[in-house]
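Structure first, then comments.
The values are calculated or read from the model by the stated rules, or taken from the named source; none is laboratory data. Note that this is a predicted model, so its numbers are computed, not measured. So basically every Cβ, Gly included, is an ideal-geometry build from the backbone, and we count neighbours across all protein chains shown.
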């Protein structure tokens, strides 16, 4: 995951030039990045080509940008969606059904066997010093099913696969209406123990799950080398967390 955090919404749009093509997310008013769109309006770029589901609502956000005459062209997906929506939806649903059948009935040849905390019997190396293991594979995620089902604070990028391939739940995932929880997970991993404790308690979390090989966790490491995540990986778990036996791809902690 690329670190795209900037200091302000103004900094986020500062490089948008006249005549640029801008794709703006959202479905109607749901998920529309209003603050970024308002920042683009204040930034002054003109002659823009706007790609969006519709042409804005009310008098703010995208609607304000268009009313100010800043767009040269609006590429609107909604009319096409009305014509092709049923066909596309059927295609998506059928694809999901096929994937679920594959996940349920086709064995994964890359299945890993859990090893005791801090060891790797096959190589004699300490855990975490061997080759990186893909924590997004169904086989790796299935190893979490030996734990009682609960809510896990895990990487944002890991959560969708966690929900599909295990019986565990996740505090947050990469969904546009889940912004507060997404920010909370990021701040908990990269912040202080006290901040992580408050967030974990507030979300009734049962486990903390870390996949050290995941790019998202590498970003937390770079951003906060002495933050909560790195304290856990260094073996300095607070008293309210219980380290659990490690799995090939993960470090696990149970919340007391």
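Structure summary
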read-out: Single residue of 36, 66, 90, 32 found to be in a helix (DSSP H, G or I), at pLDDT below 85 and under 27 Å from the mean Cα position of the chain (by Cα); value: 90
read-out: Residue identified as free of Cβ contacts under 8 Å to residues at least 12 places away in the same chain and under 21 Å from residue 137 (Cβ atoms) among 163, 214; value: 163
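Matching residues to (1) closer than 28 Å to residue 31 by Cα; (2) out of contact with any helix residue (DSSP H, G or I) (no Cβ under 9 Å at 6 or more places or on another chain); (3) at pLDDT 95 or above; (4) not assigned by TED's automatic domain parsing to the domain that holds residue 4:
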residue	(1), (2), (3), (4)
176	yes, yes, no, yes
188	yes, no, yes, yes
196	yes, no, yes, yes
207	no, no, yes, yes
221	no, no, no, yes
239	no, yes, yes, yes
243	no, no, yes, yes
